[in-house]
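*Asks:* Once you've had a glance at the structure underneath, I'll fire off some questions.
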Amino acid sequence: MNPILNKIGGVFIPVSSIEKARVWYCDILGLPTEGEIYFGHIFVIPMEGPDLVLDSQIYSPDKVYKVPAFQLRTADIHQAYEFMHAKNVELVTGIENGHWFNFKDPDGNLLMVCK
């Protein structure tokens, strides 16, 4: 039996300030900001699927995502785009092919929303 499971537990995101990142990510995901910051630099956001692991210890400007490492899902791509626009999120693309758009978090990590 293989001891490595065919399952992703979490996706690490390098962030410059764990406190600011926790507030920003929880806000756009509609989640409460309660929860422990582990070891002074890690905050885990429970998701449906792999968790998001915000980590300020691994951050440096050259380590931010230049391409999306994952996609956040939406049932309505147009509503999601307008929601992010209203929150003054840096939108990098428009809605492409009617299915996805890219945006940046406050640290410059490139992320994606996909229908």
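*Asks:* When you look at Val92, is it of a type in the set (Val, Ile, Thr) and surrounded by 12 or more Cβ atoms within 10 Å (Cβ to Cβ), yes or no?
*Replies:* So Val92 fits the description; yes.
*Asks:* Where the second residue is among the hydroxyl-bearing types (Ser, Thr, Tyr) and modelled with pLDDT of 95 or more and the first is part of a helix (DSSP H, G or I) and lies in the range 65-80, which pairs have Cβ atoms under 8 Å and are six or more apart or on separate chains?
*Replies:* Short answer, once both residue conditions are applied: Ala80/Thr74.
*Asks:* From the list Ala80, Ala69, Ala21, pick out the single residue that is in contact with a strand residue (DSSP E or B) (Cβ under 9 Å, 6 or more places away or on another chain) and modelled with pLDDT under 95.
*Replies:* Ala69
*Asks:* Also: Could you please tell me which pairs satisfy a Cβ distance under 8 Å, a separation of 6+ or placement on different chains, a first residue in the range 100-113 that is under 11 Å from Ala80 (Cα atoms), and a second residue that is of a type in the set (Lys, Arg)?
*Replies:* Trp100/Lys115; Val113/Arg73
*Asks:* Looking at (1) free of Cβ contacts under 8 Å to residues at least 60 places away in the same chain; (2) surrounded by 16 or more Cβ atoms within 10 Å (Cβ to Cβ), find the lone condition where Phe83 falls short.
*Replies:* It is condition (2) that Phe83 fails.
*Asks:* Follow-up question, since we're still on this one. Answer yes or no as to whether Ser16 is surrounded by fewer than 10 Cβ atoms within 10 Å (Cβ to Cβ), farther than 20 Å from Lys115 by Cα and out of contact with any helix residue (DSSP H, G or I) (no Cβ under 7 Å at 6 or more places or on another chain).
*Replies:* The answer is no for Ser16.
*Asks:* Considering each residue of the range 1-41, count those that are more than 23 Å from Val67 (Cβ to Cβ) and of a type in the set (A, V, I, L, M), and give that number.
*Replies:* 7
*Asks:* Right, something else. For the subset of the range 81-115 comprising residues that are charged (D, E, K, R) and in a strand (DSSP E or B), which member is nearest to Glu19 (Cα to Cα)?
*Replies:* Lys104
*Asks:* State yes or no: is Ile45 closer than 18 Å to Pro14 by Cβ, over 14 Å from the mean Cα position of the chain (by Cα) and surrounded by 13 or more Cβ atoms within 10 Å (Cβ to Cβ)?
*Replies:* For Ile45, the condition - closer than 18 Å to Pro14 by Cβ, over 14 Å from the mean Cα position of the chain (by Cα) and surrounded by 13 or more Cβ atoms within 10 Å (Cβ to Cβ) - is not met.
*Asks:* Checking Ile77 against (1) among the β-branched types (Val, Ile, Thr); (2) farther than 17 Å from Asp107 by Cα; (3) under 12 Å from the mean Cα position of the chain (by Cα), which single condition isn't satisfied?
*Replies:* In the conditions (1) among the β-branched types (Val, Ile, Thr); (2) farther than 17 Å from Asp107 by Cα; (3) under 12 Å from the mean Cα position of the chain (by Cα), Ile77 misses (3) alone.
*Asks:* Restricting the search to the range 1-51, which residues are over 23 Å from Gln79 (Cβ atoms), of a type in the set (Ser, Thr, Tyr) and either touching a residue at least 40 places away in the same chain (Cβ under 8 Å) or assigned to a helix (DSSP H, G or I) (or both)?
*Replies:* Across the range 1-51, the qualifying residue is only Ser16.
The values are calculated or read from the model by the stated rules, or taken from the named source; none is laboratory data. In this text, all values refer to a predicted model and were calculated from it rather than measured experimentally. All Cβ positions, even for glycine, are placed from backbone atoms using ideal geometry, and neighbour counts span all protein chains on display.
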